[in-house]
Every structure is written in structure tokens, then in C-alpha cells.
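The values are calculated or read from the model by the stated rules, or taken from the named source; none is laboratory data. Note that the structure is a prediction, hence the values are computed from the model and not measured. When we count neighbours, we look across all protein chains shown, and the Cβ atoms used for this are built from the backbone with ideal geometry, even at glycine. Only protein heavy atoms, including side chains, enter the accessible area calculation; ligands, DNA and RNA are left aside. Shrake-Rupley method; radii C 1.70, N 1.55, O 1.52, S 1.80 Å.
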Amino acid sequence: FSNEKRAELFKKYSKRRIRVDTIYNCLPKNYFKKFKIKKKKVKQIFRIGTIGPGHGLINLIKSFKYLSDSYKLIICGIVVDKKFHYDLLKIIQKNSIKNKIEIYTSVSQREWMQKMINSDLGVAFYEPINTSHKNMVGASQKINSYLAGGLPILLSDEKQFRLFTKKYRCSINTNLANPFEIAKSIKKLFSNKAKFTQLKRNSKLAFKNYFNFEEQIKKVNYYL
């Protein structure tokens, strides 16, 4: 399993005497060496993942009405709910923030990874609406990709993510139910250059020391 809590649930409901281990959904150490960072004039916030309910996208987008034009949000992902996507576009238009937000619904893996590498902050919001979202640390491609790219991460203020922040010190937590608070958290982070630099450094360390494929696959090699 890609998350300890998911493994525990499986053992509980299967009622079988088996050993269950976890291997996080991580990228190889050298994966991003082929990507080059391009200079940019704005503070770039990046979000990868499906475009649909349950990921705090509405309030993330609304938060940009409280941010200046020096901030830009880039969203890349497959549309899983066309009405939801349409509603997002209406919110962008209604709040006159079209110049601050770019949504890409058809990009290659290399394209979204290049956009991510060029960004300053990764966003990974999970509303606790199902078992998967309630147990995401280690399983989240968003979080693990941001770590591989050395990005600080903006997470929701939920227990599993607060514990992640406390342990690895490469992320900050915010109230995903409040657009103003999201914007406030983003501005506060970028206004503290020392903390931002430390979060970035810790993100790289977390990936180098633990959240990488080579480290995780050792759990399988143990049995070989």
C-alpha cells in the first residue's frame, strides 16, 4: 500500500493474518535533472491533479482575488467533471482574475513537469470526503512530485498534513474552506524569505533522504 493507514484498514476489514507493508508513490532521485528552471517575473503557484470536486479548487481560485498581479496560479489536470470545470471558469471571470490563473487540461507529462519545476510553491488540497483523501501522505502524486521538484508545499490544516508539516518542515498548512485565509498564508510565506528558503531546502532533503523511489524500493528488496 502507498499509505500506512490504508494498509491498517485493509488488514482490519480483510480479517486475514497477513503482513502488509507500505511503499510510497515516489519518483527516482535523478528524475528532474533533465529539466531546467526558467526565470520568471511573478510568484508562481502550481497545482497538478484531476479537475473536479474534493480538491479545494474553488476556494484556491477565489483566493487569488486577494492576491496582487505578482502572483500566478497554474493548474494542470484532466477534467473529470465538465460542469465543475465550467463553474471554475465562471468564478475566474466573475472575480476578474483571468490574468492571474492559467488552466491546462491537455498537457503532456513533460509539459506539466516543466511548469512545476518553474514554479515556487506546490498546492495539494484534499477535502476529507473519502477514505483515499483521509489517508494521502505517501500516496499523493502531487505531494511527492513537489518534493522531487524541491518545492515548498501548501497543504490543508488537517491532522495528517499537520503531522507531515511538523515532521518534515517543508510545508505550511492553511484553512482550505476560507479563500481569504489561503491568500493570507501564501502572502505570509513569500514575505518571509528566510522561511521560504528553509522550506525549499527541507523539501529537497525530504526527497533525497526518504521520498524517492530508490529508498522506497528497499522495502521490497528486503524480501528478495
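Within the stretch 29-42, residues that are open to solvent by less than 100 Å² (accessible area, probe 1.4 Å) have Cβ atoms under 7 Å from residues that are among the small types (Gly, Ala, Ser) and at pLDDT 80 or above in these pairs: Tyr31/Ala148; Phe32/Ala148; Phe32/Gly149; Val42/Ser70, counting only partners at least 6 apart in sequence or on another chain. Say whether the condition of being in contact with a Phe, Trp or Tyr (Cβ under 9 Å, 6 or more places away or on another chain), surrounded by fewer than 16 Cβ atoms within 10 Å (Cβ to Cβ) and touching a residue at least 40 places away in the same chain (Cβ under 8 Å) is met by at least one residue in the stretch 188-202. Within the stretch 188-202 (the criterion being in contact with a Phe, Trp or Tyr (Cβ under 9 Å, 6 or more places away or on another chain), surrounded by fewer than 16 Cβ atoms within 10 Å (Cβ to Cβ) and touching a residue at least 40 places away in the same chain (Cβ under 8 Å)), the answer is no, since none of the residues qualifies. Quick check: anything in the stretch 107-126 in contact with a strand residue (DSSP E or B) (Cβ under 7 Å, 6 or more places away or on another chain) and without any contact (Cβ under 8 Å) to a residue 60 or more places away in the chain? Taking every residue of the stretch 107-126 in turn, at least one turns out to be in contact with a strand residue (DSSP E or B) (Cβ under 7 Å, 6 or more places away or on another chain) and without any contact (Cβ under 8 Å) to a residue 60 or more places away in the chain.
When you check Phe207 against the structure, is it in a helix (DSSP H, G or I), of a type in the set (Phe, Trp, Tyr) and touching a residue at least 60 places away in the same chain (Cβ under 8 Å), yes or no? Here the answer is yes, as Phe207 does meet what is asked. Here Gln114 meets each of (1) more than 22 Å from Gly150 (Cα to Cα); (2) under 17 Å from the mean Cα position of the chain (by Cα); (3) not hydrophobic (A, V, I, L, M, F, W, C) with one exception, condition (1). Lys11 falls short of the stated requirement of being over 30 Å from Ile217 (Cα atoms), out of contact with any Ser or Thr (no Cβ under 8 Å at 6 or more places or on another chain), open to solvent by 30 Å² or more (accessible area, probe 1.4 Å) and not in a loop (DSSP other than H, G, I, E, B).
None of Ile58, Ile91, Ile78, Ile37 is more than 21 Å from the chain's Cα centre (by Cα) and aliphatic (A, V, I, L, M) except Ile91. Annotation: Val107 fulfils all but one of (1) of a type in the set (A, V, I, L, M, F, W, C); (2) crowded, with 19+ Cβ neighbours inside 10 Å; (3) within 23 Å of Lys38 (Cα to Cα); the unmet one is (2).
Residue under question is Gly52, and the condition is that it be at pLDDT 90 or above and touching an Asp or Glu at 6+ places or on another chain (Cβ under 7 Å); does it hold? For Gly52, the condition - at pLDDT 90 or above and touching an Asp or Glu at 6+ places or on another chain (Cβ under 7 Å) - is met.
Taking the criterion of being crowded, with 20+ Cβ neighbours inside 10 Å and within 17 Å of Gly52 (Cβ to Cβ), the residues of the stretch 125-155 that qualify are Phe125, Tyr126, Met136, Ser140, Lys142.
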